[in-house]
Amino acid sequence: MSELRDLYQEVIMDHKKKPRNFREIADANHMAHGNNPLCGDALVVYVKLNGETIEDVSFQGSGCAISVASASLMTESLKGKTLDEAQSLYDDVHKALTGESGGAELSGKLAVLGGVKEFPARVKCATLSWHTVHAAVDSDHDISISTE
Ligand code: ZN
C-alpha cells in the first residue's frame with residue numbers, strides 16, 4: 001500500500017510542479033470556467049474540436065495540487081480522443097472517484113486519480129477539470145460551472 005501511496009504522491013507532485021498543456025489555445029472553439037469554492041480551485045479549460053476529435057485541449061488557472069494534477073492528466077488523456085472516447089473516460093473517472101455504479105478501474109497514469117477517493121473532501125478537486133471539459137464541449141460559448 002505504501003508503494004501505491006508513494007506513486008500517487010510522485011505523479012501528483014510531478015504534474016502540480018510541471019502541469020502539462022498549461023496554456024491558452026488561441027483558436028480554441030470551446031472553453032469553460034470551473035470553480036470549486038470549497039477549496040478555491042479555479043480553472044479555465046480550452047478545447048479545439050476538429051469535427052468529433054479533440055485536436056487540442058489545455059487549461060490555465062490555479063488550485064491545490066490535486067486539482068492541477070488532475071487537470072494536467074486530463075489534458076494528456078483527452079488529446080486526440082473522439083468525443084465518444086472522451087465521454088467514456090469521463091464516465092470512468094467519475095465512477096472511480098465517487099464509487100457510483102460500482103466504481104471503475106482507471107488505467108495508466110489516471111490510476112493515481114482513483115487514490116483520491118480515499119480522501120472524500122478532495123474528490124471535487126480531482127473531478128473539477130473533468131466536469132469543466134465536459135461543460136466546454138457541450139456548449140458553444142464560454143460557460144462557468146461550480147462544483148457546489
Ligand atoms: Zn482543491
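The values are calculated or read from the model by the stated rules, or taken from the named source; none is laboratory data. All figures in this text were calculated on a predicted structure; none of them were measured in a lab. Counting neighbours? That spans all protein chains shown, and the Cβs are built from the backbone with ideal geometry, glycine included. Please note that ligands, DNA and RNA were not included when accessible areas were found on the heavy atoms of the full protein model with its side chains. Shrake-Rupley method; radii C 1.70, N 1.55, O 1.52, S 1.80 Å.
Filter region 41-66 down to residues that are open to solvent by 50 Å² or more (accessible area, probe 1.4 Å) and either charged (D, E, K, R) or on the phi > 0 side of the Ramachandran plot (or both), then give me how many there are.
4
Report yes if some residue within region 83-100 is part of a helix (DSSP H, G or I), among the β-branched types (Val, Ile, Thr) and buried (at least 19 other Cβ atoms within 10 Å of the Cβ); otherwise report no.
Yes: region 83-100 contains one or more residues that are part of a helix (DSSP H, G or I), among the β-branched types (Val, Ile, Thr) and buried (at least 19 other Cβ atoms within 10 Å of the Cβ).
Given 139, 70, 58, which one is hydroxyl-bearing (Ser, Thr, Tyr), in contact (Cβ under 8 Å) with a residue 12 or more places away in the chain and in contact with a Lys or Arg (Cβ under 8 Å, 6 or more places away or on another chain)? Give the steps one after another, and end with the answer.
Numbers: 139 fails: in contact with a Lys or Arg (Cβ under 8 Å, 6 or more places away or on another chain); 70 fails: in contact with a Lys or Arg (Cβ under 8 Å, 6 or more places away or on another chain).
Result of the check over 139, 70, 58: 58.
Could you grab the pairs with beta carbons closer than 7 Å, sequence gap of 6+ or different chains, first residue in region 105-122 and closer than 14 Å to residue 94 by Cβ, second one among the hydrophobic types (A, V, I, L, M, F, W, C) and outside any helix (DSSP H, G or I)?
Partner pairs satisfying both residue conditions: 113/106; 114/106.
Go through the residues of region 65-77 one by one and say whether even a single one is under 12 Å from the mean Cα position of the chain (by Cα), away from the ligand (no atom under 16 Å from the Cβ), at pLDDT 95 or above and not β-branched (Val, Ile, Thr).
Yes, region 65-77 has at least one match.
Name the single residue, out of those in region 103-148 being open to solvent by 40 Å² or more (accessible area, probe 1.4 Å) and assigned to a loop (DSSP other than H, G, I, E, B), that is modelled with the lowest pLDDT.
Checked region 103-148; the qualifying residue modelled with the lowest pLDDT is 148.
Answer yes if at least one residue in region 33-45 is farther than 14 Å from residue 126 by Cβ, touching a residue at least 12 places away in the same chain (Cβ under 8 Å) and either among the charged types (D, E, K, R) or away from the ligand (no atom under 16 Å from the Cβ) (or both), and no otherwise.
no
Looking at residue 24, is it more than 16 Å from the ligand (Cβ to nearest atom) and touching a residue at least 24 places away in the same chain (Cβ under 8 Å)?
Values: more than 16 Å from the ligand (Cβ to nearest atom): yes; touching a residue at least 24 places away in the same chain (Cβ under 8 Å): yes.
Spelling it out, residue 24 is indeed more than 16 Å from the ligand (Cβ to nearest atom) and touching a residue at least 24 places away in the same chain (Cβ under 8 Å).
Could you please give the count of residues in region 93-131 that are among the polar types (S, T, N, Q) and within 13 Å of the ligand (Cβ to nearest atom)? Please lay out each step first, then the result.
Keep residues of region 93-131 that are among the polar types (S, T, N, Q), which gives 98, 101, 107, 127, 129.
From the residues that got through so far, the ones that are within 13 Å of the ligand (Cβ to nearest atom) too are 127, 129.
So the answer is 2.
All but one of (1) within 15 Å of the ligand (Cβ to nearest atom); (2) touching a residue at least 40 places away in the same chain (Cβ under 8 Å) hold for residue 30; which doesn't?
Residue 30 satisfies every listed condition except (1).
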